[in-house]
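Undergrad: Before we start, here is the structure in question, set down as structure tokens.
The values are calculated or read from the model by the stated rules, or taken from the named source; none is laboratory data. Here the structure is a predicted model, which is why all the values come from computation and not from measurement. Please note: Cβ atoms are built from the backbone with ideal geometry, for glycine as well, and neighbour counts cover all protein chains shown.
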Amino acid sequence: MKIGILLTGHAPDNMVQDTGDYDEIFAHMLAGHGFEFETYAVVDNQFPQGADAADGWLITGSKHGAYEDHAWISPLESLIRDIAAQKRPLVGICFGHQIIAQALGGKVEKFDGGWSVGRTAYSVGDQTLYLNAWHQDQVTELPPGARVLGGNAFCKYAVLGYGDHIWTVQPHPEFSADFVDGLIRTRGRGVVPDALLDAAAVNLDGPNNNRDVARHMAAILQGMPPQ
């Protein structure tokens with residue numbers, strides 16, 4: 001099964017040698033499920049021929065805002081709508097979560113409540129999941145047909161489902177504690193309030209549900225309805 005990874009941003013230059021770029025992180029995360037991966041760096045205007053270029057799709061995180069005026073945003077939104085119309089499995093993470101919502105008629109904004117950084121609890125069904133967050137932007141208005149599958153007081157639309165083939169999540173199940181530590185050191189200072197970064201650094205070693213969410217993502221890409 002071929003999964004197309006739509007790369008919407010790059011890992012920090014001073015981390016990528018150790019971690020790989022975001023597409024490599026996801027490929028490692030989803031290894032063992034019989035997937036073949038092909039990356040399309042849409043952030044660099046490298047697009048697939050169409051929605052049928054892969055059996056399923058994954059949209060990565062990005063330092064960019066879904067609402068920003070970049071040449072690749074509009075064609076990415078068109079591709080998302082085509083994927084949705086063809087009912088191909090689609091998973092979106094952080095920026096991916098946001099751009100899917102925006103492409104399908106929702107609204108994304110820089111949240112006036114500030115940032116969410118580090119290990120964070122989310123209510124998903126009858127479970128509490130701990131995942132690493134790194135965002136200020138949020139989906140603030142749902143698109144038609146979106147179902148809220150999880151969230152918390154800070155981010156009420158943190159997990160969304162659309163129909164029986166699209167699942168998106170605001171936090172980063174692909175981010176390890178070490179990766180977040182690297183972001184704190186390389187991208188956080190001077191952008192995110194120091195108090196939030198310091199609190200996140202203290203809590204990085206707590207257990208998380210990355211593996212559980214990876215299995216769920218794989219199941220979605222294999223055709224399981226979002227839940």
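Undergrad: Restricting attention to region 200-227, and to residues there that are touching a Gly at 6+ places or on another chain (Cβ under 7 Å) and of a type in the set (A, V, I, L, M), which single residue is nearest to residue 91 (Cα to Cα)?
TA: Ranking the qualifying residues of region 200-227, first place goes to 221.
Undergrad: Please specify each residue of region 66-113 satisfying the condition of being hydrophobic (A, V, I, L, M, F, W, C), outside any helix (DSSP H, G or I) and within 22 Å of residue 172 (Cβ to Cβ).
TA: The first filter runs over region 66-113 and keeps only residues hydrophobic (A, V, I, L, M, F, W, C), leaving 66, 71-73, 76, 79-80, 83-85, 90-91, 93-95, 99-101, 103-104, 108, 111.
After this cut, where a residue has to be outside any helix (DSSP H, G or I) as well, the list is 66, 71-72, 90-91, 93-94, 104, 108, 111.
The answer is 66, 72, 90, 91, 93, 94, 104, 108, 111.
Undergrad: Filtering region 152-177 down to residues that are at negative phi and small (Gly, Ala, Ser), which residue is surrounded by the most Cβ atoms within 10 Å (Cβ to Cβ)?
TA: Across region 152-177, the extreme among qualifying residues is 158.
Undergrad: Can you find, within region 55-72, the residue that is farthest from residue 135 (Cα to Cα) among those that are out of contact with any Gly (no Cβ under 9 Å at 6 or more places or on another chain) and surrounded by fewer than 20 Cβ atoms within 10 Å (Cβ to Cβ)?
TA: Going through the qualifying residues, I end up with 71.
Undergrad: If you don't mind, another one. Do the conditions hold for residue 52, that is, is it surrounded by fewer than 18 Cβ atoms within 10 Å (Cβ to Cβ) and farther than 22 Å from residue 167 by Cβ?
TA: Here the answer is no, as residue 52 does not meet what is asked.
Undergrad: Anything in region 12-46 that is in a loop (DSSP other than H, G, I, E, B), in contact with a helix residue (DSSP H, G or I) (Cβ under 6 Å, 6 or more places away or on another chain) and at pLDDT 95 or above? List them, or say none.
TA: The first filter runs over region 12-46 and keeps only residues in a loop (DSSP other than H, G, I, E, B), leaving 12, 20-21, 30-35, 41, 45-46.
This time we only want the ones that are in contact with a helix residue (DSSP H, G or I) (Cβ under 6 Å, 6 or more places away or on another chain), so: 12, 30, 33.
Within region 12-46, 30, 33 qualify.
Undergrad: When you scan region 128-227 for helices (runs of 4 or more DSSP H) that lie fully inside it, which ones turn up with 3 or more residues that are under 15 Å from the mean Cα position of the chain (by Cα)?
TA: 210-221
Undergrad: When you scan region 138-145, do you find a residue that is surrounded by 21 or more Cβ atoms within 10 Å (Cβ to Cβ), of a type outside the set (Val, Ile, Thr) and out of contact with any Cys (no Cβ under 7 Å at 6 or more places or on another chain), even just one? Full working, then the answer.
TA: If we filter region 138-145 for residues that are surrounded by 21 or more Cβ atoms within 10 Å (Cβ to Cβ), which is where we start, we get 138-139.
Then drop every residue that is not of a type outside the set (Val, Ile, Thr), which leaves 138.
Cutting the leftovers down to out of contact with any Cys (no Cβ under 7 Å at 6 or more places or on another chain) gives us none.
The answer is no; no qualifying residue exists.
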